[in-house]
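K.L.:
Mind looking over this structure? Questions follow.
Derivation of every value follows stated rules applied to the coordinates shown; laboratory data play no part. In this text the structure is predicted, and so the values were computed from the model without any measurement. Virtual Cβ from ideal backbone geometry, glycine too; neighbours counted across all protein chains shown.
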Amino acid sequence: MTAFTSLFCPDAAHDELASLVDIQLTSATPENVVAIRQAIDHLDVRDDYLPLVKTPTLVIHARNESLNPVAQGRLIAASIPGAEFLEVDSNNHIPLPSDPTFQTIVNAQLEFIDRQAP
C-alpha cells in the first residue's frame, strides 16, 4: 500500500505517508476501492457537467504530479465558467504540510474564500 500511496505523494515525509496509508486502509474495503477506481476510469465530466458549475471555483494543481498532468487541471479550470487556476511547484497530488508549497496553497484558498464573501 505504501508504494501505491507514494505515487500520489512522492515527497511525503514518513509519518505523512503512514497516515495516508492508514486513511486508505480504514476508509474503504478492497471491493469498494476496485469499484471506485472503475467508476473514475469511466467518468468524464468535462462536457456535460463542468460547464454547469455556478459556484466560484479555484482549481489547484501540482506542476510535477505524475498521475494527472497539469494540463488536466488547466482543462478542468477552463471548462468551469469563471474558474481560477493555480499551478503550484509540487510533485504531490495531495497537499502535505511538509511540502514547501503547502502554505501557498492554504493562503490561496483563504484569499479565494475571502474574495467570495459579500
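K.L.:
What is the helix-to-structure angle for 14-27, meaning the angle in degrees between its Cα long axis and the longest Cα principal axis of the chain, kept from 0 to 90 and rounded to the nearest 10?
P.N.:
90
K.L.:
Now for a different question. Label 7 Å along Cα→Cβ of ASP47; the range 67-94 residues with amide nitrogen under 20 Å?
P.N.:
The answer is 72-81, whose backbone nitrogens lie closer than 20 Å to the label point.
K.L.:
Would you grab the residues whose amide H sits under 5 Å from the one on THR57? Only those 5+ places off in sequence or on another chain, please, with H modelled 1.01 Å from N.
P.N.:
So THR57 has HN proximity to GLU84.
K.L.:
Next question, about the same structure. List, in order, the whole-Hz ³J(HN,Hα) value for each residue of the range 35-52 obtained from phi through the Karplus relation with A = 6.51, B = -1.76, C = 1.60 and θ = phi - 60°; use x for Gly and Pro.
P.N.:
Here the 3J(HN,Hα) series is 4, 5, 4, 5, 5, 4, 5, 10, 9, 9, 9, 4, 8, 8, 10, 4, x, 8 Hz.
K.L.:
So what is the relative contact order for the range 2-116, in percent, with contacts set as C-alpha pairs under 8 Å and at least six apart?
P.N.:
Details: 126 pairs, mean separation 32.3, N = 115.
Relative contact order of the range 2-116: 28 percent.
K.L.:
In whole Hz and in residue order, list the ³J(HN,Hα) couplings for the range 77-87 that follow from phi through the Karplus curve 6.51 cos²θ - 1.76 cosθ + 1.60, θ = phi - 60°; x for Gly and Pro.
P.N.:
Whole-Hz 3J(HN,Hα) from phi for the range 77-87: 4, 5, 8, 9, x, x, 5, 9, 10, 10, 9.
K.L.:
Now for a different question. Per DSSP helix of 4 or more residues, -39500 (n - 2.57); summed, then divided by the residues of the chain. What does that give at 222 nm, rounded to the nearest 500? Can you show the working numbers first?
P.N.:
Values: 5 runs with 58 residues, N = 118.
Value at 222 nm, helices only, nearest 500: -15000 deg cm²/dmol.
K.L.:
What percent of all Cα-Cα pairs in the chain falls in each 5 Å bin, counting up from 0?
P.N.:
Bins of 5 Å from zero give 2, 11, 15, 18, 20, 18, 12, 3, 0 percent of pairs.
K.L.:
Helix 102-116 against the longest principal axis of the chain: what's the angle in degrees, Cα atoms only, rounded to the nearest 10?
P.N.:
Once rounded, one gets 30 degrees.
K.L.:
For the chain, with a Gaussian network of springs between Cα atoms less than 10 Å apart, report the residue from PRO95, PRO51, PRO30 with the top mean-square fluctuation.
P.N.:
In the Gaussian network model the winner is PRO30.
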